[in-house]
Amino acid sequence: MLKNVPLSAVIGLFITASYFLAAIFASVISPYGMAETVGDVWEPSRIGYMLGLMPEGTPRPEYWLGTDQIGRDLLTRMIYGGQTTIFIATAATILSFVTGSVLGFLAAVTGGWFDQLMSRFVDLMMAIPSLILALVILSSIEATVLTLIVLMGLLDSTRVYRLARAVAVDISVMDYVEAARLRGEKLAWIIFREILPNALSPLVAEMGLRFIFMVLFISTLSFLGIGVQPPLADWGGIVKENKDGINFGIGAALYPALAIATLAISVNLVADWVLNRTTSLKGGRG
Amino acid sequence: MTDPLVKVRGLRIGATVYPPGEKPHDIEIVHGVDFDLMPGKVLGLIGESGAGKSTIGLASMAYGRGGVKITGGEVWVNGRDILKASLGDVRKLRGGEVTYVSQSAAASFNPAKQIMEQVTEAAISQGKFGKKEAEDRAVSLFRKLGLPGPDTIGKRYPHQVSGGQLQRCMTALALCPEPDLVVFDEPTTALDVTTQIDVLAAIKDAIRDTGVAALYITHDLAVVAQVSDNIMVLRMGDMVEYGPTDQIINHPQEDYTKALVSVRSIDHPEKAPAGEPVLKCEHITARYKGTSFDVLHDVTVALYPGQTLAVVGESGSGKSTLARVITGLLPPRQGKIVFDGRELTPDQPSRPIEDLRELQMIYQMADTAMNPRQTVGTIIGRPLEFYFGLKGAEKQKRIQELLDEIELGDGFQDRYPAELSGGQKQRVCIARALAAKPKLIICDEVTSALDPLVADGILKLLLNLQASENVAYLFITHDLATVRAIADSIAVMYQGRVQRYGTKTDVLSPPFDDYTDLLLSSVPEMKLGWLEDVLANRKMESAGN
């Protein structure tokens with residue numbers, strides 16, 4: 001099976017899998033405890049030393065990525081931060097796709113007032129920038145992992161609803177859906193057995209993109225200080241904590257940015273490949 | 001002796017296919033075809049879908065559509081091999097020496113430009129005529145093609161003329177630059193039968209008057225017999241038979257040609273109405289939501305168990321709307337539907353499950369009537385599970401029985417619709433309808449999208465199933481040959497009304513009302529000179545004018 005996978009997808013799969021595995025086994029592979037202070041403030045990284053970026057004669061640093069603004073091992077923080085970020089983004093993506101696509105399909109199939117009500121409500125929600133809405137809501141409720149997931153998932157489900165509805169409207173006028181209706185099938189069969197399998201391709205492609213937007217969203221919230229709360233680590237939070245270091249030439253804040261970028265690219269490489277495999281479009285889509 | 005205008009030698013055409021789950025690879029779709037076309041003559045290219053007839057037609061313009069590549073052979077037009085010609089030469093050829101008329105004029109015209117601008121575009125850009133001359137020529141062509149208001153029709157936009165008129169405009173477009181050769185690619189296939197005859201006559205006159213040579217591509221042997229001097233029969237990219245029209249129609253040599261000539265010759269003696277009708281439509285009047293005119297007016301028909309009622313008419317006559325009313329998708333404004341002795345509720349969701357089960361439907365496009373993500377086993381198995389609660393081995397056994405009934409046999413259960421041919425897809429749809437053990441099946445143009453020989457097989461299957469299962473068919477079609485083959489009684493519909501209704505013999509024997517006469521006489525017959533005979537004896541103008 002792996003023989004037909006294009007190189008880009010192999011790279012994407014490898015990097016994505018590495019990030020997810022690192023997140024799952026964070027407590028096993030991390031050299032230190034999450035909030036454990038192990039050294040001085042902003043110690044240099046060993047990788048920089050090995051690349052010869054430091055002056056001759058400096059001693060070999062002890063920590064792979066150095067330490068952060070209060071002397072915690074940055075590699076450990078990155079691994080635990082990845083765990084938090086990826087977990088929240090994944091859970092929120094799943095939530096937004098389940099609610100968004102089920103409601104979108106339902107609106108497309110039933111039509112009428114339900115469709116009108118839902119679509120206008122979604123229009124209303126989409127008229128307000130989700131970051132602003134999130135800021136307002138988070139100022140009144142406590143930001144725990146659970147509330148963050150629910151909030152981000154529901155806010156993002158408006159986008160998924162739009163896509164799912166548009167796709168399902170096209171499918172629900174096909175003869176095979178009419179045939180199922182004439183057979184007397186219930187709504188659940190029509191949505192999950194007739195429409196969903198045919199709507200999966202665009203949804204999967206969107207899912208890759210949405211997951212990355214979730215990563216950016218939670219990172220933004222944390223950077224602004226209203227997302228994941230200390231001492232819990234997350235990538236946005238690490239940038240926030242270490243941003244002052246940039247003034248002194250300390251690159252600690254750049255590692256999370258690099259992590260987000262590579263994760264974004266690799267997830268989309270995988271999504272592209274899945275889309276090509278499941279699409280039934282004829283023609284040269286290698 | 002003059003030289004041929006077009007000389008094709010050993011033409012080979014290939015294409016790249018992308019089968020799901022496999023590496024893309026090249027296949028050959030035309031395997032070495034030879035023909036000559038003399039100036040001013042018409043060659044008919046005929047064959048089923050996939051025969052390569054359109055591909056060959058386009059090759060005479062040195063063009064391969066959608067990834068199709070001309071891989072070998074020679075195409076000589078006016079004494080030069082156009083496959084070796086430079087791009088500039090080919091540009092001179094297309095729209096200058098050789099022009100093209102496509103199947104769907106509606107899809108080929110730019111809706112945002114006036115017809116005149118599009119008709120004269122090629123002639124002007126090729127430098128054959130100035131603007132004024134080209135427009136004069138277009139007007140004279142409009143007149144020659146029998147278009148109403150030839151002086152002003154060019155000012156209209158494509159949506160302001162009917163389908164048959166637009167197809168004639170396209171013929172004018174092709175003839176405007178005074179080409180030596182016109183490629184007609186199924187120019188009348190998308191038209192109603194009564195419109196087709198006018199367009200056919202117009203094309204024939206225009207070819208004769210302008211002395212242009214033509215390649216006429218179609219799947220309908222009866223149509224091509226009216227316009228061509230020679231016919232080439234193609235099958236799967238190979239030439240089957242090539243000869244003068246008279247010989248192909250009257251003395252075909254090859255078995256395949258004989259089958260094409262004798263297609264639709266199923267003999268079906270009608271059954272007299274017997275017993276209580278399984279379906280009675282009484283005074284049905286219906287309109288679509290948001291419109292202010294009735295699509296059906298006072299339609300009353302009856303259908304008896306185990307028999308076939310054919311509903312015939314042109315597009316827009318309301319025949320498919322009748323099916324929607326009967327299935328409950330469009331509740332009628334007036335009238336009632338009595339099914340098997342009980343009155344049906346007007347809207348489908350309120351009908352009891354038994355009513356739904358006993359009334360099944362088969363669609364025109366088998367492609368869209370089956371969920372592409374379900375296997376044949378799921379598609380046929382679902383009604384069994386849904387209506388009869390069959391599960392596991394019992395269900396498997398019944399699915400196999402149904403597959404045997406539709407003559408597909410083993411190994412089809414796990415296939416997806418994309419892995420079936422057009423005829424096989426329609427058979428699976430028939431099996432899905434049969435699985436419900438219905439009393440009535442509505443067949444909505446079930447053979448229209450199929451090649452003639454395949455359609456014949458489907459009709460025979462439907463007749464066999466009717467004999468063994470005693471199921472009644474409400475058979476909606478625009479094709480009178482199909483009606484003759486399958487109907488017991490006929491309802492002719494015109495503009496939402498039943499124009500003529502009765503047993504097959506009654507409806508098809510004179511005296512006719514004007515519309516039925518027009519409809520019956522417009523069905524192309526496979527004999528030479530039929531077109532002229534019909535046009536000389538018509539009582540009524542067709543709707544296309």
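The values are calculated or read from the model by the stated rules, or taken from the named source; none is laboratory data. Not measured: the values here are computed from a predicted model. Cβ sites come from the backbone with ideal geometry, for glycine too, and all protein chains shown count toward neighbours.
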Legend entry - Only listed residue being surrounded by fewer than 21 Cβ atoms within 10 Å (Cβ to Cβ) and either closer than 25 Å to A:Leu216 by Cα or touching a His at 6+ places or on another chain (Cβ under 6 Å) (or both), chosen from A:Val28, A:Val38, A:Val98: A:Val98
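Going through segment A:108-132 one residue at a time, which ones are among the aliphatic types (A, V, I, L, M) and in contact (Cβ under 8 Å) with a residue 60 or more places away in the chain? Let's see the steps before the verdict.
Just the residues of segment A:108-132 that are among the aliphatic types (A, V, I, L, M), to begin with: A:108-109, A:117-118, A:122, A:124-128, A:131-132.
If the condition is that a residue be among the aliphatic types (A, V, I, L, M) and in contact (Cβ under 8 Å) with a residue 60 or more places away in the chain, then A:Ala108, A:Val109, A:Leu131 are the ones that fit.
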Inset, instruction - Taking B:Lys271 as meeting all but one of (1) more than 27 Å from B:Ile70 (Cα to Cα); (2) among the charged types (D, E, K, R); (3) part of a strand (DSSP E or B), write down the number of the exception. - result: (3)
Legend entry - Residue under evaluation A:Gly208, criteria (1) within 14 Å of another protein chain (Cβ to nearest Cβ); (2) within 21 Å of A:Ala271 (Cα to Cα), criterion not met: (1)
Legend entry - Candidate set from segment B:480-496 (those that are among the small types (Gly, Ala, Ser) and closer than 19 Å to B:Ala455 by Cβ); member that is modelled with the lowest pLDDT: B:Ala481
Inset, instruction - Exactly one condition in (1) surrounded by fewer than 21 Cβ atoms within 10 Å (Cβ to Cβ); (2) touching a residue at least 12 places away in the same chain (Cβ under 8 Å) is not met by B:Ile442; state its number. - result: (1)
Legend entry - Matching residues, segment B:5-29, being part of a strand (DSSP E or B), small (Gly, Ala, Ser) and either touching a His at 6+ places or on another chain (Cβ under 7 Å) or exposed (fewer than 15 other Cβ atoms within 10 Å of the Cβ) (or both): B:Gly10
Inset, instruction - Check segment B:501-520 and report whether any residue there is under 30 Å from B:Ala274 (Cβ atoms), in contact with a Gly (Cβ under 7 Å, 6 or more places away or on another chain) and modelled with pLDDT of 85 or more. - result: no
Legend entry - In segment A:159-176, the residues that are within 11 Å of chain B (Cβ to nearest Cβ), within 27 Å of A:Leu209 (Cβ to Cβ) and assigned to a helix (DSSP H, G or I): A:Ile171
Inset, instruction - Would you mind listing the helices (runs of 4 or more DSSP H) fully within segment B:219-265 where at least 3 residues are closer than 24 Å to B:Ala202 by Cα? - result: B:221-227, B:245-250
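Go over the candidates B:Ala491, B:Ala449, B:Ala536, B:Ala435 one by one and state the one that is out of contact with any strand residue (DSSP E or B) (no Cβ under 8 Å at 6 or more places or on another chain) and buried (at least 20 other Cβ atoms within 10 Å of the Cβ).
On the way: B:Ala491 fails: out of contact with any strand residue (DSSP E or B) (no Cβ under 8 Å at 6 or more places or on another chain); B:Ala449 fails: buried (at least 20 other Cβ atoms within 10 Å of the Cβ); B:Ala536 fails: buried (at least 20 other Cβ atoms within 10 Å of the Cβ).
The unique qualifying residue is B:Ala435.
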Inset, instruction - Would you be able to say whether some residue in segment A:68-83 is surrounded by fewer than 20 Cβ atoms within 10 Å (Cβ to Cβ), free of Cβ contacts under 8 Å to residues at least 12 places away in the same chain, of a type in the set (A, V, I, L, M) and more than 25 Å from A:Ile24 (Cα to Cα)? - result: no
Inset, instruction - Among what's in segment B:52-65 and is over 22 Å from the mean Cα position of the chain (by Cα) and either hydrophobic (A, V, I, L, M, F, W, C) or within 14 Å of chain A (Cβ to nearest Cβ) (or both), pick the residue that is farthest from B:Gln103 (Cα to Cα). - result: B:Ala62
Legend entry - For B:Leu166: the one exception among (1) in a loop (DSSP other than H, G, I, E, B); (2) closer than 23 Å to B:Glu314 by Cα: (1)
Inset, instruction - Tell me which residues, restricted to segment B:355-372, are more than 7 Å from chain A (Cβ to nearest Cβ) and at pLDDT 90 or above. - result: B:Arg357, B:Glu358, B:Leu359, B:Gln360, B:Ile362
Legend entry - Residue identified as buried (at least 19 other Cβ atoms within 10 Å of the Cβ), of a type in the set (A, V, I, L, M) and at negative phi among B:Leu461, B:Leu474: B:Leu474
Legend entry - Candidate set from segment A:181-202 (those that are buried (at least 19 other Cβ atoms within 10 Å of the Cβ) and farther than 25 Å from B:Leu356 by Cα); member that is farthest from the other protein chains (Cβ to nearest Cβ): A:Ala199
Inset, instruction - Filter segment B:504-518 down to the residues that are out of contact with any His (no Cβ under 9 Å at 6 or more places or on another chain) and touching a residue at least 60 places away in the same chain (Cβ under 8 Å), then identify the one that is nearest to B:Ala487 (Cα to Cα). - result: B:Thr505
Legend entry - Residues located in segment B:410-429, provided they are within 14 Å of another protein chain (Cβ to nearest Cβ) and within 18 Å of B:Pro383 (Cβ to Cβ): B:Pro417, B:Lys425, B:Gln426, B:Val428, B:Cys429
Legend entry - Residue, surrounded by the fewest Cβ atoms within 10 Å (Cβ to Cβ), within segment B:303-329, restricted to residues that are within 14 Å of chain A (Cβ to nearest Cβ) and over 19 Å from B:Arg500 (Cα atoms): B:Leu329
Inset, instruction - All but one of (1) more than 14 Å from chain A (Cβ to nearest Cβ); (2) out of contact with any Phe, Trp or Tyr (no Cβ under 7 Å at 6 or more places or on another chain) hold for B:Pro349, so report the exception by its number. - result: (1)
Legend entry - Sole exception among (1) within 14 Å of chain A (Cβ to nearest Cβ); (2) of a type in the set (D, E, K, R); (3) in a helix (DSSP H, G or I) for B:Asp404, by number: (1)
Legend entry - Test set (1) more than 14 Å from chain B (Cβ to nearest Cβ); (2) at pLDDT 80 or above - A:Ile250 fails condition number: (2)
Legend entry - Of all residues making up segment B:47-69, the number that are surrounded by fewer than 19 Cβ atoms within 10 Å (Cβ to Cβ) and farther than 20 Å from B:Asp180 by Cβ: 8
Inset, instruction - Say whether the condition of being more than 14 Å from chain A (Cβ to nearest Cβ) and either polar (S, T, N, Q) or assigned to a helix (DSSP H, G or I) (or both) is met by at least one residue in segment B:30-51. - result: yes
Legend entry - From B:Gly211, B:Gly149, B:Gly154, residue being without any contact (Cβ under 8 Å) to a residue 12 or more places away in the chain and either assigned by TED's automatic domain parsing to the domain that holds B:Val75 or within 16 Å of the chain's Cα centre (by Cα) (or both): B:Gly149
Inset, instruction - Name every residue in segment B:305-326 that is at pLDDT below 90, among the hydroxyl-bearing types (Ser, Thr, Tyr) and in contact with a strand residue (DSSP E or B) (Cβ under 9 Å, 6 or more places away or on another chain), in order of residue number. - result: B:Ser317, B:Ser320, B:Thr321
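Are any of the residues in segment B:330-341 within 11 Å of chain A (Cβ to nearest Cβ), more than 26 Å from the chain's Cα centre (by Cα) and either buried (at least 22 other Cβ atoms within 10 Å of the Cβ) or not basic (Lys, Arg) (or both)? Let's see the steps before the verdict.
Within segment B:330-341, the subset within 11 Å of chain A (Cβ to nearest Cβ) is none.
For segment B:330-341, residues within 11 Å of chain A (Cβ to nearest Cβ), more than 26 Å from the chain's Cα centre (by Cα) and either buried (at least 22 other Cβ atoms within 10 Å of the Cβ) or not basic (Lys, Arg) (or both): absent.
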